[in-house]
Amino acid sequence: MKLIRIIFSIALILLLSGCHKKEFSIRFEVEQTMNANYKLIYYASDKHGGYMRESAAAITNGKGDFKGQTINPTLVYIFTGKKAYPLMIYVERGEEINITGKEKEPLKWNVEGNEINKEWSAWRNENAKILSGADPEKINAVVAKYVIANPENPLSALLLLTTYSRYDDETGFRRLWRDLKGEAADPRWADLAGRADVPQRFVKVPARVKSISFRSMQNGTDTIRPDSVNATLLFFWSNALSDRNELTDSLKALAKEFSDSSSRLIADICLDPDSSSWRSNIRYDSLKNVARLWAPAGLADSKVMLLDVPRLPFFIVLTPDGHQRFRGSEREEAFSFFRSLLDKK
């Protein structure tokens, strides 16, 4: 009987110890007059997988405690308002994270518990005004400044993955991502952010295009071969775009500017499921010397997915080697890069 009790006690200790190892805690000690409930989202995972968890931290008179569970490292997003920039925290299992501050502005709070959080807090404090302003161009600029100065710091990878707006400057994102070195270039940071509740979370290398075919009105199918010309511009669109006519006019002007279609290829690719609306546009918009193509499955089309088209409108500029040298929604930037390839010839 005594032996059984000893075995049971040891098993209980191991069980409690194992549970503790799966936990992390966050302690708040902030401005004393604060009373609020903050939404928290993080990915709880182990080697078998995981799931998103949504919870809340209650702050009363500036103090509060939260306990979460995970085995793998995770990012915790603390949402302090409907439009406010979230407070992001890097957490490993078993860690105790302390959040302190006398300011009511969460972006100026100090987060401790590991080196990444200390550095992240310092960066947030320095750029709190820009972050709260929610201007993607300004936020991208301060992230880029940090990444360029700290290419080997893991925080550079996390800032790119969670804070840099790829929607507003995907080309800049990929350029900065390629410049990461050492520990910052470790794939685990992309995996970590990939689990987070953030948009555009996956970091993929865009496919190199040797040839790719889409439906066309004249030939049934047309094949794009970047190596047959000096530059290729792909424009993806749908009739739902409010500035569709303006985009068509600008594409028409570009095609006229480079009228020699033997040296360049311009293709507009409709992603509407309805062929009648696509055909109607082709008949009446007088766009000439441009390949008029169609992908009825839209963003779910296998070829569109291969090209990694995330939204509409979207431009891709290909060099003769098939590499996607420009990607983004910025029309003038796409046209400028396209021109630069042809001006070199």
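The values are calculated or read from the model by the stated rules, or taken from the named source; none is laboratory data. Not measured: the values here are computed from a predicted model. So basically every Cβ, Gly included, is an ideal-geometry build from the backbone, and we count neighbours across all protein chains shown. Remember, those area values only see protein heavy atoms, side chains included, never the ligands or the DNA or RNA. Shrake-Rupley method; radii C 1.70, N 1.55, O 1.52, S 1.80 Å.
Taking interchain pairs and intrachain pairs at least six residues apart, which have beta carbon atoms under 8 angstrom, with the first residue in the stretch 14-34 and farther than 23 Å from LEU75 by Cβ and the second basic (Lys, Arg) and at pLDDT 85 or above?
GLU31/LYS102
Is at least one residue of the stretch 40-52 farther than 26 Å from ALA134 by Cα, part of a loop (DSSP other than H, G, I, E, B) and at pLDDT 85 or above?
Residues of the stretch 40-52 farther than 26 Å from ALA134 by Cα: 44-51.
Applying the additional criterion that residues be part of a loop (DSSP other than H, G, I, E, B) yields 47-48.
Next, only the ones that are at pLDDT 85 or above stay: none.
No: zero hits.
Assess whether ALA300 counts as being touching a helix residue (DSSP H, G or I) at 6+ places or on another chain (Cβ under 7 Å) and either open to solvent by 40 Å² or more (accessible area, probe 1.4 Å) or over 19 Å from SER228 (Cα atoms) (or both). Can you show your working first?
Values: touching a helix residue (DSSP H, G or I) at 6+ places or on another chain (Cβ under 7 Å): no; either open to solvent by 40 Å² or more (accessible area, probe 1.4 Å) or over 19 Å from SER228 (Cα atoms) (or both): yes.
So ALA300 does not fit the description; no.
Out of (1) within 20 Å of SER242 (Cα to Cα); (2) open to solvent by 30 Å² or more (accessible area, probe 1.4 Å), the odd one out for ILE282 is which?
Looking at each condition in turn, ILE282 falls short on (2).
State yes or no: is ILE99 more than 26 Å from the chain's Cα centre (by Cα) and part of a strand (DSSP E or B)? Walk me through it before giving the result.
Details: more than 26 Å from the chain's Cα centre (by Cα): yes; part of a strand (DSSP E or B): yes.
Yes, satisfied.
Could you say which residue among LEU241, LEU254, LEU341, LEU265 is assigned to a loop (DSSP other than H, G, I, E, B), open to solvent by less than 70 Å² (accessible area, probe 1.4 Å) and out of contact with any Gly (no Cβ under 8 Å at 6 or more places or on another chain)? Full working, then the answer.
Details: LEU254 fails: assigned to a loop (DSSP other than H, G, I, E, B); LEU341 fails: assigned to a loop (DSSP other than H, G, I, E, B); LEU265 fails: assigned to a loop (DSSP other than H, G, I, E, B).
Matching residue, one of LEU241, LEU254, LEU341, LEU265: LEU241.
Could you check how many residues of the stretch 313-330 are at pLDDT below 90, under 19 Å from LEU247 (Cα atoms) and open to solvent by 20 Å² or more (accessible area, probe 1.4 Å)?
Summing the residues that are at pLDDT below 90, under 19 Å from LEU247 (Cα atoms) and open to solvent by 20 Å² or more (accessible area, probe 1.4 Å) in the stretch 313-330 gives 2.
Considering only the stretch 130-174, state which residues are open to solvent by 50 Å² or more (accessible area, probe 1.4 Å), assigned to a helix (DSSP H, G or I) and touching a helix residue (DSSP H, G or I) at 6+ places or on another chain (Cβ under 9 Å).
Listed by number, the residues that qualify are ILE130, SER132, GLY133, LYS138, ALA141, ILE148, ALA149.
For the stretch 87-129, which residues satisfy the criterion of being open to solvent by 60 Å² or more (accessible area, probe 1.4 Å) and in contact with a Pro (Cβ under 7 Å, 6 or more places away or on another chain)?
If the condition is that a residue be open to solvent by 60 Å² or more (accessible area, probe 1.4 Å) and in contact with a Pro (Cβ under 7 Å, 6 or more places away or on another chain), then GLU92 is the only one that fits.
Just the residues that are among the hydrophobic types (A, V, I, L, M, F, W, C) and either under 17 Å from SER238 (Cβ atoms) or open to solvent by less than 60 Å² (accessible area, probe 1.4 Å) (or both), please, taken from the stretch 303-312.
Quick first cut of the stretch 303-312, residues among the hydrophobic types (A, V, I, L, M, F, W, C) only: 304-307, 309, 312.
The answer is VAL304, MET305, LEU307, VAL309, LEU312.
Across the stretch 56-72, which residue is nearest to TYR43 (Cα to Cα) among those that are of a type outside the set (A, V, I, L, M, F, W, C) and open to solvent by 50 Å² or more (accessible area, probe 1.4 Å)? Break it down into steps so the answer makes sense when it comes.
Let us first name the residues in the stretch 56-72 that are of a type outside the set (A, V, I, L, M, F, W, C), namely 60-65, 67-70, 72.
Narrowing the set further to residues that are open to solvent by 50 Å² or more (accessible area, probe 1.4 Å) leaves 60-61, 63, 65, 67, 69.
Details: THR60: 26, ASN61: 28, LYS63: 24, ASP65: 19, LYS67: 14, GLN69: 9 Å.
Going through the qualifying residues, I end up with GLN69.
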